[in-house]
Amino acid sequence: MSDDKKRYPIGESESERRRQAERAASGPQAAAQTPEPARRGTEAPAEAGPEAAAMQMPAGAPAPEPPVAAGEEGAASALAELASAQAVLAPERLDADAARAELAPADAAPAMLAPAEAAPAPPAGGPLWLRFRLNGQRRELRVDPSRRLLAVIREDLGLTGTKRSCEIGRCGACMVLVDGEPMNSCLLSAYQCQEADIVTIEGLRDERAERVKSAFLEEGGFQCGYCTPGMVVSVTSMLAANPCPSRAETEEALAGNICRCTGYGSIFRAVCRASAGEPDANLI
Ligand code: FES
Ligand code: FES
């Protein structure tokens, strides 16, 4: 046999054809005696599977177990252990899920957003006629009941001295006086201001308010000035109730007003200057 044929054996159909030609040449008897070549699938009885092995075993002998590799056996027992462990843990997992589902509504509503939610629900129906006094003038406009007072003041009535910043009642930039009390206009809905007396920084022009504004200018109590209208509203309201506040009282009154760019020292000095009495020794 040539090297080529060793490397590339002739296909089965080709060799079959040659054998038939040889049989025809030597006659019908030779053809009958020539044994059929063994087929590839029957050459290896050991690979014939458990059925074939069982056929060779004596009658009554137990059928052999299908062969399992050592690695597969270990994996099967590990899976069985894992399944039983999961079955034990499952009830606890279910309890935890149920507890989480019960807690979910409380988690979804952070406490810091509570003020707006704690307010009474707006009246049902469409827009309402909002009637109130703004900086001494009677106003009447049709708005959605849940529209924020900050939006009414700035967008509907065009008074932009009241600033929009955090909108969650933390910074005090939107501070206005409602019936004489400083309030965050970002947290008030329109329906809550029905017949209220509202004063914004534009309407704060009495002698005390002018003194506060001058004090902020003289002491440099601002830098960008974004917080200043809210500061002036809060300080003016505080001085109306307490003309000579202490440092602690001033800190408490300004707790809802955040300045992001000025040192608070100049703001406290402005309050001290604006106060009607002598500057408090503890204030600076
Ligand atoms: S914008 Fe209202 S408190 Fe900040
Ligand atoms: S001066 Fe800029 S935030 Fe107060």
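Any read-out appearing in this document is the output of simple, stated calculations on the displayed coordinates, not a laboratory observation. Because the structure is a prediction, the values reported are computed rather than measured. Because the Cβ atoms are built from the backbone with ideal geometry, glycine has one as well, and the counts that use them run over all protein chains shown.
Brief remarks on what is shown
- Some residue of the stretch 197-213 being assigned to a helix (DSSP H, G or I), charged (D, E, K, R) and within 16 Å of ligand 2 (Cβ to nearest atom): yes
Yes or no, residue by residue, for (1) of a type in the set (D, E); (2) in contact (Cβ under 8 Å) with a residue 24 or more places away in the chain; (3) farther than 25 Å from D156 by Cβ; (4) within 16 Å of ligand 1 (Cβ to nearest atom):
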| residue | (1), (2), (3), (4) |
| --- | --- |
| C193 | no, yes, no, yes |
| D197 | yes, yes, no, no |
| E210 | yes, no, yes, no |
| L217 | no, no, yes, no |
| T228 | no, no, no, yes |
| C244 | no, yes, yes, no |
| T250 | no, yes, yes, no |
| C259 | no, yes, yes, yes |
| G263 | no, no, yes, no |
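- Meets criteria (in a loop (DSSP other than H, G, I, E, B), under 28 Å from G263 (Cβ atoms) and under 39 Å from the mean Cα position of the chain (by Cα)) for G158: no
- Residue, farthest from ligand 1 (Cβ to nearest atom), within the stretch 140-155, restricted to residues that are within 15 Å of D197 (Cα to Cα) and under 30 Å from the mean Cα position of the chain (by Cα): L149
- When we screen E207, E219 for residues that are surrounded by fewer than 18 Cβ atoms within 10 Å (Cβ to Cβ) and not basic (K, R), the only hit is E207.
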